[in-house]
């Protein structure tokens with residue numbers, strides 16, 4: 001099955017799993033997936049109304065996946081407070097700076113921070129449990145979190161729809177290259193994720209050692 005047809009058929013499931021995993025903290029790139037799915041759904045539609053309906057469906061899937069994952073972090077922040085925030089910030093290079101910067105942003109913007117948090121790498125993962133720790137009402141949290149998810153996902157989908165023809169040409173080229181090319185691309189992506197994780201772990205370890213020496 002050609003790559004573009006595969007994306008058109010399983011795009012909703014791919015977006016759901018992709019957004020869910022990334023929202024839980026996995027180092028998974030989401031925007032390229034949204035762009036590819038947006039392009040495939042736009043090309044396969046017969047008119048502007050059908051394009052809008054298809055993209056709205058994928059947008060709803062992305063918001064649902066992100067909200068489900070964020071609810072887990074929110075509940076963790078509500079129940080365990082600083083421990084959950086500390087656990088999330090331990091994924092960054094500087095735990096103390098992560099906590100202080102996020103609290104500073106939250107003090108300035110409040111729960112409205114969730115609207116733009118997805119556009120700043122790592123911020124949403126910390127802002128969500130902080131909302132729970134700060135006793136933000138669940139309804140308020142869901143409203144702003146869903147608004148932020150929708151804005152973020154819509155940007156990726158619209159980019160795909162606007163450049164659908166060129167993206168489809170790229171997908172066709174990848175399909176024509178055969179399974180070997182796809183395997184190489186998947187291997188490169190996997191190695192990139194492993195490298196990022198290993199580099200992040202190493203730098204975090206160095207930062208912890210530096211803090212211990214300063215004490």
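Within the stretch 1-21, the set of residues being more than 17 Å from residue 57 (Cα to Cα) and either part of a helix (DSSP H, G or I) or modelled with pLDDT of 90 or more (or both) comprises 3, 4, 5, 6, 21. All told, residue 58 falls short of being within 16 Å of residue 154 (Cα to Cα) and modelled with pLDDT under 85. Just checking, does the stretch 179-200 include any residue being assigned to a helix (DSSP H, G or I), modelled with pLDDT under 90 and surrounded by 15 or more Cβ atoms within 10 Å (Cβ to Cβ)? Scanning the stretch 179-200 turns up no residue that is assigned to a helix (DSSP H, G or I), modelled with pLDDT under 90 and surrounded by 15 or more Cβ atoms within 10 Å (Cβ to Cβ). Filtered by the rule that a residue be modelled with pLDDT of 85 or more and either more than 12 Å from the chain's Cα centre (by Cα) or farther than 17 Å from residue 19 by Cβ (or both), the stretch 115-128 gives 115, 116, 128. For the stretch 22-40, the set of residues classified as assigned to a helix (DSSP H, G or I) and within 9 Å of the chain's Cα centre (by Cα) consists of 22, 23, 31, listed by residue number.
If I filter the stretch 99-107 for residues that are surrounded by 21 or more Cβ atoms within 10 Å (Cβ to Cβ) and either outside any helix (DSSP H, G or I) or at pLDDT 75 or above (or both), do I get at least one hit? No. Residues that are at pLDDT below 85 and part of a helix (DSSP H, G or I) occur at least once in the stretch 131-151.
The values are calculated or read from the model by the stated rules, or taken from the named source; none is laboratory data. Keep in mind that what you see is a predicted model, and the values were worked out from it rather than measured. Please note: Cβ atoms are built from the backbone with ideal geometry, for glycine as well, and neighbour counts cover all protein chains shown.
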